[in-house]
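This report refers to the structure that appears directly beneath it.
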Amino acid sequence: MPPNGPAADRTRASPMLILLYLILGLVVSSTEASIPPRLSCRHHFLAGTQKNAVLPLKGEQSNVISNVQCLMQKDEGVIVTQIHSGLETPYKLGDGGKKSVNFQIGDIFFLRDLIRTADCHQQVTIEWKDPPIEQGSNFTLVSLWNNMTEFHYDPENPVAQFDFVSTLVGVRHILPQTDSFERSATIQATYLTCKQPIITQSNCRIRGKVDVDFDISTDWTYEFAFRTDKTDQTLMKLRSPEPEIVEIRLERDFYLRIDSSPPVAVGQLSDSNWHTVHISSAVDRLWISIDNSKRIQVPQIPDKETRVQTIEINMDGEILFIDPKDTKENCESNSRRRISEFSTTPTALCVGCGCTILADQFEDLPPADCQTGEDEALSLIRDPDRLSFLHVPHGIQVQPNGQASIRLAVSFRSDSDTGLLFFGHWQGDGIKGRVQVHFHYNHLSAVHCTYNGEEECVACQIKSSTGYGNDEWYRTALFGAGDDLTLVVGREACRLEPVSHRNNVSISEAYAVPALVKGSGLFVGGTFYEKKQLGLYNAEFEHKYFENTREKVASLRGCIKDLFIDGKKGDIDKIYKQQMQDTLVDTSNYNAYAMQFGCTYCRPECPDGVRCRSKKPLTQHDNVCDCADIEQFRNKHDGMCVAKNETPVVLSTSFLNSENIVIPIDTTKAVLSKIWMKIALPKSPSDTIQIAEFNSHRETLFRVLLDQTGLLQVQVHPHEGVYEAIGQKKLDLSDRRVHLLQLQRRTPLGTRYSARKYDLYIDGTHAVVSDLGKSGLNNVSVLAAISKDEEDSVIIHDFGLDYEFDEHSFLLHHSNRLHDFDVHNKILAYQFRNPEPSKTGTLDPSLWEKPLVPVEVGSDDGGQVWENGDGDAPLVNDMTASPHGGIVTYTPDIFEPEQLLSSRWLIYSALLTLILCLLILTCIICYCCFCRGHRRKSRRNSRASDQEKMIRDSPDYQPVKMRPSSMDDHSYDGESSIGTDDTDLQAYRDIPSHRVKIYRESMVSILVPQSDQASDAAIVRRESVPRSMSVDLPGTTSPRRTPDVENPSPAPLVNLREEQ
């Protein structure tokens, strides 16, 4: 595909572009796309995360990553962060004096920064079960901001609730004021709820041009957010000092193109939602990522002169500064960040059904968030005797060179975890091909194969953490030709690449090209196969597809709408009627196909996350909510989902009246679909504990065990008494949260028994395990361990089974239906005393959430090891909600700047300031005394030092006459100079000019003549007048002072001649 934009018009390639051409495009990181830690839930929302999820947070200067619950309340304009603490478990005063409370976010300084920029709330409940003996059961709660709140016993209100906001939020310390704790209070707090507006600083959102400069001699990172409803435009430009320019463009809604390199699919970027661009430069590499996409390396020459120095952001849309350097500077324009042609007024962008996407491929294709009407929707049912699909002859356009031009799109909804969406084929002179789009559990795959002597296939898949069989609408599209094909699902996109282990797509389940069909054809929602009722379909149509003897990917069980063929929206009703005319023996028989217009619904409406499903096979009108999707049971009277709030069961002989409890399970023709258990673990088990065992009539199918180290295992199929572990995860026994274990059946692709798998979840961590046994489940047994109290025992909070109907066998049997079974309620009948609620663990549904982005690895950094018997690569969630934190021994914080808000800290600060001032004053006084003493010592030595110095520019001088003779000792002859060798004064002759120095004591002047004076030099002595003697007045006589030979003049190496 030719490049677009200004980059295509260049006639001279820059050095940076030459390297781009040599590498043949971008280098994409081989690491799976994942969600990086960010500064807040708000930053995750600005990075394209629209759903509520557990997401990682990390401070700017911190290395501690904490996973917390984020609620994206976009309609209200706020993002909510839920932060748990150890005080959610009731704490009774007197359990050890002063205590500190830890939080789900381990970095306290980062937590303070987070709550300072948000509107946080916490509710605290205080209960006095008995009145205190004395008026001394008082205590103080200290917040994260070091604000103190003192509580006293109120006889009229023994149970009190307090709402903490602002600086009181976040109970950090518990300080009792008395040593009498026999009848003290019990404290419990909710999690912190912190709300942040999406736009925190209005001047950080602009429309205009931005230039940001960087130091090319250092490594740097930078990020900003943007949103737009326009595609095919320049997002930014990267400039180097030479200068060279690398242009980064948005193309076809889902693609990012860097100069003329091949485009990279990163997701829908023109959907009017916020997206975050992250750029990092390190030595000879520059990486770019958008939202949570894979990192894209921009090749560049590893010289400082070619490193990126300036980023120019100039696009048709809104720009939001989110980099910490920008927000700390209040996003104002400065020497590093230059803003021009800007406006802070928000602009309305196109959202919803009024917008279209992929305009170059489709006519009026609505975006993913547009839910059109369902009047023209078509429901498909899986029936062993009837077919269900739409068939469109010549639905694939074949170009003259034999390549197919594909432009297909459809919206679908299904309650099954597998289904066929498209199967197309074409065949011509020596060239044939096929294309297929289907989903299985959490993968939606596209395969495109062409045969020209040898078959070549390209494929890709898009993953979803919740799977595609959750009874929600998805829009998928496949478009392109040749080696440029793209698959789109919702806001995600991928480019089809040659089939290999990298894309992990198998073509074995793709249908073959019909040998007897010339031209092309397209199937939607299913395809023809031999297992059908005779006499419904005409022989000519059956003969074309006789080769399909078995169904590979099952037909869709659900609903379709918004069908686009060859880029144009098709009329489903018209296509269906034409199909009846072309394929049926009785063209008016609307029952020949297992399809009907309109989608099915449940009344009453199902809760969020619950599928509306047929209660029995072969029907669409008897629909119920499958409440097991959210680990609840269906009320038999009104069909509503009921959340269990029953007493937990303690598997201990101190609570149960039987050591081995066997719960029989009714025999049924339905298929075991799901098993779930909510359990709290003992703090320190002394031996391996068998939590539950699942048995058939003849053998043990599998069991769940916990060893002394906290390793939770699922073991299956004992061989000669030896069990095989198919999945295991090591849990922290000090974590008092209730854990969720799930086993959920996968619908096999085709009819192969060996393809049957189960999804094993322990909390949010996932792995695929083999089938749990061919025999049906007959009973469940649990063992009561010998333990004293709740904290030493396994505690079952919930235990349930869910069955779904078998759509292949026993279709009319009365037991082949959707139903559930409450195992927990059966075990509860054996418990003779109830446990103390504060010792049964903490329920935290965020711990059980599935990850937004699953990662395929064998083990994670936390030592969570997964093993399975079939060699499949398990999925490990690295975003499981972090522990709540506990109540620990009082630990004063090392540095608490927020303590300035406390009155007590003000007193401490004033006293500390006074002490510092006195210390500084003492240092100043000592320094002054030292300087004064030093000056006195200097004055005592000043007279001797002055005699050794020369004073310049004195007018008192006489010619100097040098004496060639030398003397060993100082002598005075009255007429001669000092006996000094000529060499002693050679320095004076070598220097072209000397100034005069007058010695105050001896009045000796030394002169070196200037260049225009005589070369002879003379030394004269002038008599000085002692300070003790008076000066002779004119006209008086006084004896002349003779030189003191014993105290010679300080003038060195010269004899003095008295002035005549």
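Here, each number is a calculation from the coordinates, and none is a lab measurement. Given the structure is predicted, the values throughout are model-derived calculations rather than measurements. Counting neighbours? That spans all protein chains shown, and the Cβs are built from the backbone with ideal geometry, glycine included.
Taking every lysine pair in region 378-597 that is 8 or more places apart or spans two chains, those with Cα atoms closer than 14 Å amount to 5. When only alpha carbons are used to place a centre, region 344-412 and region 78-116 end up 49 Å from one another. Fully extending the segment from residue 937 to residue 581, taken as 0.36 nm per residue of separation minus the present Cα-Cα distance, adds 115.9 nm.
First check a/c for region 647-769, with a ≥ b ≥ c the square roots of the eigenvalues of its C-alpha gyration tensor; if it is under 1.5, answer rounded, and if not, answer prolate when a/b is larger than b/c or oblate otherwise. Judged from the Cα gyration tensor, region 647-769 comes out prolate (a/c at least 1.5, a/b above b/c).
With the cut-off at 1.5 for a/c, could you classify region 82-197 from its C-alpha gyration tensor as rounded, prolate or oblate? Taking the square roots of the gyration eigenvalues as a ≥ b ≥ c, region 82-197 is prolate. Placing R0 at 25 angstrom, the Cβ-Cβ distance between residue 154 and residue 890 gives a FRET efficiency of 0.45 after rounding to 0.05. Which FRET efficiency, nearest 0.05, do residue 297 and residue 397 yield, Cβ-Cβ r, R0 25 Å? With R0 = 25 Å, the Cβ-Cβ based efficiency is 0.10. The slack between residue 359 and residue 161, meaning 0.36 nm per residue of separation minus the straight C-alpha distance, is 65.6 nm. Each peptide in 150-159, 922-931, 427-436 was scored by the mean count of other Cβ atoms within 10 Å over its residues; highest first, the order is 427-436, 150-159, 922-931. For the listed peptides 507-518, 261-272, a ranking on the average number of other beta carbons within 10 Å per residue, highest first, reads 261-272, 507-518. Local charge for residue 636 was computed over the other residues whose Cβ lies under 14 Å away, with Lys and Arg +1 and Asp and Glu -1, and equals 0. Estimated from the Cβ-Cβ distance and a Förster radius of 56 angstrom, the FRET efficiency linking residue 531 and residue 73 is about 0.70.
Based on Cα contacts under 8 Å between residues 6+ apart, region 82-197 shows a relative contact order of 45 percent. Electrostatic tally near residue 570: other residues with Cβ closer than 13 Å to its Cβ, Lys and Arg +1, Asp and Glu -1, net -1. Inter-label distance, residue 375 to residue 215: 6.6 nm, where each label sits 7 Å from its Cα along the C-beta direction.
Segment residue 781..residue 814, full-extension length gain: 9.2 nm, with 0.36 nm per residue of separation and the alpha-carbon distance subtracted. Label-to-label distance for residue 597 and residue 98 is 7.7 nm, based on points extended 7 Å past Cα in the beta-carbon direction. Which residues in region 43-58 have a backbone N closer than 17 Å to a point placed 7 Å from the Cα of residue 316 along the Cα-to-Cβ line? In region 43-58, the label zone of residue 316 (backbone N under 17 Å from the point 7 Å along Cα→Cβ) covers no residue.
Summing charges over neighbours of residue 821, with a neighbour being any other residue whose Cβ is under 12 Å away from its Cβ, gives -1 when K and R count +1 and D and E count -1. When the C-alpha to C-alpha distance is required to be over 23 Å, the pairs from 636/774; 294/850; 195/230; 74/850 that qualify are 636/774; 195/230.
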